[in-house]
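Asker: Pasting a structure here, questions to come.
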Amino acid sequence: MVKKVGMETSVAIGEVVKRVNADVIAAYPITPQTHIVEHLAELVAEGELDAAFIPVESEHSAMSACLGAAAVGARTFTASAGQGLELMHEVLYVASSMRLPIVMAVTNRALSAPLSVWGDHSDAMAVRDTGWIQIFTENGQEVVDNVLCAFRIGEDPRVLLPVMVHLDGFHLSHMIEPILLPEPSQVAKFLPENKYPLPLDPSRPVTMGDFGPPVIYSEAKKAQEVNLRAAKEVVLECWNEFARIFKHSYHPVECYRSEDAKVLLLAMGSFCETAMVAVDKMRGEGKAVGLLRLRLWRPFPFEEIRKAAQAAEVLIVLDRAISFGGPGGPVCSEVRSALYPLDKRPKVIGFVGGLGGRDITPDGFEAIISRGIEIAKKGSKEEFEIFGVRE
Amino acid sequence: MAEYIEEEYFAPGHRACIGCGEALAVRLACKALGQNIIIVNATGCMEIVSSQLPYTSWRVPWIHTLFENTAAVASGIEAALKVMRGKGRGLAQEVNVAAIAGDGGTSDIGLQALSGAMERGHDFLYLCFDNEAYMNTGIQRSSSTPFGAHTTTSPAGRKSIGQFSWKKDMPAIAAAHKIPYVATACPSYPKDLMRKVEKGLKIRGPAYLHILSVCPIGWRCATDLTIKIGRLAVQTGVFPLYEVENGKYSLNLDLPQLKPVAEYLKLQGRFRHLSDEVIKEIQQRVEEEYAKLKEKMAG
């Protein structure tokens, strides 16, 4: 019988990367990602993982080295956060556009200035449109499970796309949690060998990363969009297969006490666990509130969001990032836009909170829900409100 | 021997300009790189002229991703091939890796990635095809543009001499990384160029080859003068051909008497605004640098 062990989430990620027998890890240190790559460097140094650990001189080069490794068919992993993810930005587009499966754990971190090493989703939202499959996680077990799934999804010949697994910096990356690691026999059953169909190979020369004139660029982008959208089926298939082997299931939108809820809160990442406490308390008081936890961020789960939210009267969306001068947080914008075509839809109220590592307690979530209900009734002068900000 | 290689791995029919020294240098380099190679190409002239969809000039596996990351991509490829071979996956044979970039992609925007890759000791050959400016975007100055040259962003004018700084010494920067092999070459000396490519490939660890590539468009010279101007660059001491093997310098073409730099400068429109005094200043600098290089040979 496999037992859960107390383990730091970052270390557990390293253990998964070891169990999938990754070939190449290229990484540059940035808080709060460091424990992941430190552990991987140790595993390689001790001979527990037969991989190339490339200690590159920047995140730009980390992702670039990953491109090269993936292009020759290596199972490739990296991790980053915040400024590091921003420095990788242009390389991220290349990874997805050239259909190179790379798995990256992102310990979500705020963006400068002022400098903040603490968590929010500004980094994730800045790379929203880079064409990666993106999964948000809530606890250590979900991180472990989804890093494993990420390899299977990304390397699937129907997909061949890079995958980001987002976990909140510190709030999740540095937590010691009871974690069940996948057994080698389970991994062998679950994860096929990475067989990249057209690697760089002198016996079959291919030209990769060509120059695309206007006559072909739109077609290339359409193909990419179709491919990413179609990847959702493979994500679902992967999670089903995961449930069969590991007895734990994942869905694009996780619903918590939402079936008969008049008021729904939607959040992402580790905050969801705290929000559940608030929902339980309010339910105890007879309030019909529920929670939607958005797990699959890209490709965006339109149908699942509609199905989960359409019966509610109010949907409060909490973003951990600001789209400055815009309609609110990026998540709220997208959810609102997904619901717009429905004849009957909830009022969507946007909040931004938890910026730069600011905690939101169960009481805080209760306050957000109550204020959201108030705004739904009476309106607000603001397009969105920032929760807990000192004026 | 390199001079008898008939195979062309860089196919004819590319879109390079007439008289392009870089296309010639790449063709020669490819002969010496052979078939057992993976080429990583930075954004720039070469990538643009050789890979426009749906065509390709490359008869060997080739990848382009971005401008500044060529050495990093090559690092990933080299490391991946090595570890996968050890695991019995991927390519069974040892495959060589070459990274190619222009002077901007090497001495400016790609310098950090190159420095990182050299410092980490990846087994690859880096080829800088130096045409002394950002030619692909329309002749803008780089740190590799020589002093006094007119470019679109270092224009000669009433208050400007043209390029205001002295050419960055990339081979010296590469050599400062204490890598096993650094050399300079020019397609005007094809055998020397191919020999150095072969040598750089064979040597374990990072090798850096800096290849002067005449650009008639950017240098404002006649398209049939590419070879001659390349030779003059060498014969005037402006661009000496040398090697640094494990720290030991050797001059490949020692010239008892350098030709005057004016012979080299006068053939190029980018220098036509230079006064005799400035040409004298350049002459002096070239002699000084050449003497310093010869000192290194002795040491």
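Rule-based calculations on the coordinates, nothing more; no lab input. Note that this is a predicted model, so its numbers are computed, not measured. Note that we place each Cβ from the backbone using ideal geometry, even for glycine, and neighbour counts take in every protein chain shown.
Asker: Given segment A:261-364, what percent of its DSSP beta bridges are antiparallel, to the nearest 5?
Answerer: So the antiparallel bridges amount to about 5 percent of the total.
Asker: Between segment A:9-54 and segment B:186-232, how many Å separate their Cα centres?
Answerer: 41 Å
Asker: How far apart, in nanometres, would the label points at residue B:259 and residue B:292 be if each is projected 7 angstrom from Cα along the Cα-to-Cβ direction?
Answerer: 2.5 nm
Asker: So which lysines can residue A:221 reach, going by Cα to Cα under 21 Å and dropping same-chain residues fewer than 8 places off?
Answerer: A:232
Asker: Rounded to the nearest angstrom and ordered from largest down, what semi-axes does the equivalent ellipsoid of chain A get from its C-alpha gyration tensor (root of 5λ)? Present the calculation step by step, with values, prior to reporting the outcome.
Answerer: Working: eigenvalues 238, 108, 83 Å².
Working through the eigenvalues yields semi-axes of 35, 23, 20 Å.
Asker: Given a 10 angstrom Cα cut-off, can you work out which residue in B:253, B:265, B:125 is the most mobile in a GNM of chain B?
Answerer: The residue that fluctuates most here is B:253.
Asker: Could you tell me which of A:266, A:139, A:248 has its Cα farthest along the dipole of chain A towards the positive end, charges placed at Cβ (Lys, Arg +1; Asp, Glu -1), taken about the Cα centre?
Answerer: The residue sitting most towards the positive pole is A:266.
Asker: When the Cα centres of segment A:66-115 and segment B:239-299 are compared, how far apart do they sit, in Å?
Answerer: 44 Å
Asker: For peptide B:51-60, what's the mean number of Cβ atoms from other chains within 10 Å of each residue's Cβ?
Answerer: For peptide B:51-60, the averaged partner shielding equals 5.
Asker: From zero outward in steps of 5 Å, how is the percent of C-alpha pairs of segment A:87-200 spread across the bins?
Answerer: Percent of Cα pairs in each bin: 2, 11, 19, 20, 19, 14, 10, 3, 1, 0.
Asker: Follow-up. As an exercise, identify the trypsin sites (Lys or Arg not before Pro) in segment A:120-166 lying in DSSP coil whose Cβ has no more than 14 other Cβ atoms within 10 Å. Display every interim value, and only then the final one.
Answerer: Working: sites: A:128, A:152, A:158; in loops: A:128, A:158.
Passing sites in segment A:120-166 are A:158.
Asker: So which GluC sites (Glu not before Pro) in segment A:195-279 end up in coil per DSSP with only 13 or fewer other C-beta atoms within 10 Å? List each step's numbers first, then the result.
Answerer: Details: sites: A:219, A:225, A:233, A:237, A:241, A:254, A:259, A:273; in loops: A:259.
Of the GluC sites (Glu not before Pro), the ones in loops of segment A:195-279 whose Cβ has at most 13 other Cβ atoms within 10 Å are A:259.
Asker: Compute the helix-to-body angle for A:362-378: its Cα long axis versus the longest principal axis of chain A, expressed 0 to 90° and rounded to tens.
Answerer: Between helix and principal axis, roughly 60 degrees.
Asker: With only alpha-carbon atoms in the gyration tensor, what are the semi-axes of the equivalent ellipsoid for segment A:253-386, in Å, largest first?
Answerer: 18, 18, 15
Asker: While we're here: Based on the Cβ-Cβ distance from residue B:87 to residue B:17, what FRET efficiency comes out when R0 is 56 Å, to the nearest 0.05?
Answerer: Once the sixth-power term is evaluated, E becomes 0.80.
Asker: Taking the Cα centre of each part, how many Å lie between segment B:22-74 and segment A:371-391?
Answerer: Segment B:22-74 and segment A:371-391 have Cα centres spaced 56 Å from each other.
Asker: Hey, another quick one. In degrees between 0 and 90, to the nearest 10, how far off the longest principal axis of chain B does helix B:70-86 point, with axes built from Cα atoms?
Answerer: 20 degrees
Asker: OK, next. To the nearest 20 debye, what is the magnitude of the charge dipole of segment A:92-240 about its Cα centre, counting +1 on the Cβ of each Lys and Arg and -1 on the Cβ of each Asp and Glu?
Answerer: 460 debye
Asker: Follow-up. Taking each residue in B:114-124, count the Cβ atoms of any other chain within 10 Å of its Cβ, then average. What number comes out?
Answerer: 3
Asker: Sequence neighbours fewer than 8 away in the same chain don't count; with that in mind, list the lysines whose C-alpha is under 19 Å from residue A:3.
Answerer: A:18, A:247
Asker: Would you please give the residues with an amide H less than 5 Å from that of residue B:130, counting only those at least 5 places away or on a separate chain, with H modeled from the backbone geometry?
Answerer: HN-HN under 5 Å from residue B:130: B:211, B:212, B:213.
Asker: If contacts are Cα pairs under 8 angstrom and at least 6 residues apart, what is the relative contact order of chain B in percent? The partial results should precede the final answer.
Answerer: Details: 599 pairs, mean separation 50.1, N = 299.
Reported as a whole number, the value is 17 percent.
Asker: To continue, here is another question. How many nm is it between the label spots at residue A:307 and residue B:7, if each spot is 7 Å from the Cα in line with the beta carbon?
Answerer: Placing both labels 7 Å beyond Cα along the Cβ direction yields 5.5 nm.
Asker: Could you give me the ³J(HN,Hα) list for segment A:169-182, computed from phi with Karplus coefficients 6.51, -1.76, 1.60 and θ = phi - 60°, whole Hz, x at Gly and Pro?
Answerer: Each residue of segment A:169-182 in turn: x, 6, 3, 10, 4, 9, 7, 9, 10, x, 10, 9, 8, x Hz.
Asker: Between residue A:285 and residue A:38, what is the spin-label point distance in nm, taking each point 7 Å from the Cα along the Cα→C-beta axis?
Answerer: For the pair residue A:285/residue A:38, the computed spacing is 4.2 nm.
Asker: For residue B:196, which aspartates and glutamates qualify as cross-link partners when the Cα separation must be under 15 Å and same-chain residues fewer than eight apart are set aside?
Answerer: Hits, sequence-local ones excluded: B:3, B:243, B:245.
Asker: How far is helix B:111-120 tilted off the main Cα axis of chain B, in degrees rounded to 10, range 0 to 90?
Answerer: Approximately 50 degrees, to the nearest ten.
Asker: A further question on this structure: What does the average come to when, for each residue of peptide A:18-24, you count the partner chain Cβ atoms lying within 10 Å of its Cβ?
Answerer: 3
Asker: When only Cα pairs under 8 Å and 6 or more residues apart are kept, what is the percent relative contact order across chain A?
Answerer: About 15 percent, as a whole number.
Asker: With unit charges on the beta carbon (Lys/Arg positive, Asp/Glu negative), name the residue among A:40, B:34, A:309 whose Cα is farthest towards the positive pole of the charge dipole of the protein assembly as shown.
Answerer: After comparing all options, I get B:34.
Asker: Please express the shape of segment B:2-298 as an equivalent ellipsoid: the semi-axes are the square roots of 5 times the eigenvalues of the C-alpha gyration tensor, given largest first in whole angstrom. Present the calculation step by step, with values, prior to reporting the outcome.
Answerer: Numbers: eigenvalues 195, 89, 61 Å².
Three semi-axes, in Å: 31, 21, 17.
Asker: At 222 nm, what helix-only mean residue ellipticity would chain B give, in deg cm²/dmol to the nearest 500, using -39500 (n - 2.57) for each DSSP H run of four or more?
Answerer: Helices in chain B give a 222 nm mean residue ellipticity of -11000 deg cm²/dmol.
Asker: Just need the relative contact order of segment B:120-273 here, percent rounded to a whole number, with Cα pairs under 8 Å and 6+ apart.
Answerer: Contact order relative to length: 24 percent.
Asker: Now a separate question. Considering all alpha-carbon pairs of the protein assembly as shown, what whole percent are spaced by more than 35 angstrom? Display every interim value, and only then the final one.
Answerer: Numbers: 116469 of 237705 pairs.
More than 35 Å apart: 49 percent of the Cα pairs in the protein assembly as shown.
Asker: Here's another thing I want to ask about it. Can you tell me the order of B:140-151, A:353-364 when each peptide is scored by its average per-residue count of other Cβ atoms within 10 angstrom, highest first?
Answerer: With the highest mean Cβ count within 10 Å placed first, the list reads B:140-151, A:353-364.
Asker: If one puts a single equal scatterer on every Cα of segment B:26-70 and applies the Debye formula without solvent, what log₁₀ I(q)/I(0) results at q = 0.21, 0.34 Å⁻¹?
Answerer: Log-scaled intensity ratios, in q order: -0.72, -1.32.
Asker: Label point 7 Å out from residue B:172 along Cα-to-Cβ: which residues of segment B:182-220 have amide N under 20 Å?
Answerer: Backbone N within reach: B:182-186, B:208-213.
Asker: Oh, and also: Which entries in the list B:228/B:259; B:167/B:296; B:87/B:199; B:228/B:296 go over 21 Å, if you measure between the two C-alpha atoms of each?
Answerer: Violating the 21 Å limit, Cα to Cα: B:87/B:199; B:228/B:296.
Asker: Residue A:319's amide H: which non-local residues (gap 5+, or another chain) put their own amide H closer than 5 Å, with H modeled 1.01 Å from N in plane and none for Pro or chain starts?
Answerer: Those lying under 5 Å, H to H, from residue A:319 are A:351, A:352, A:353.
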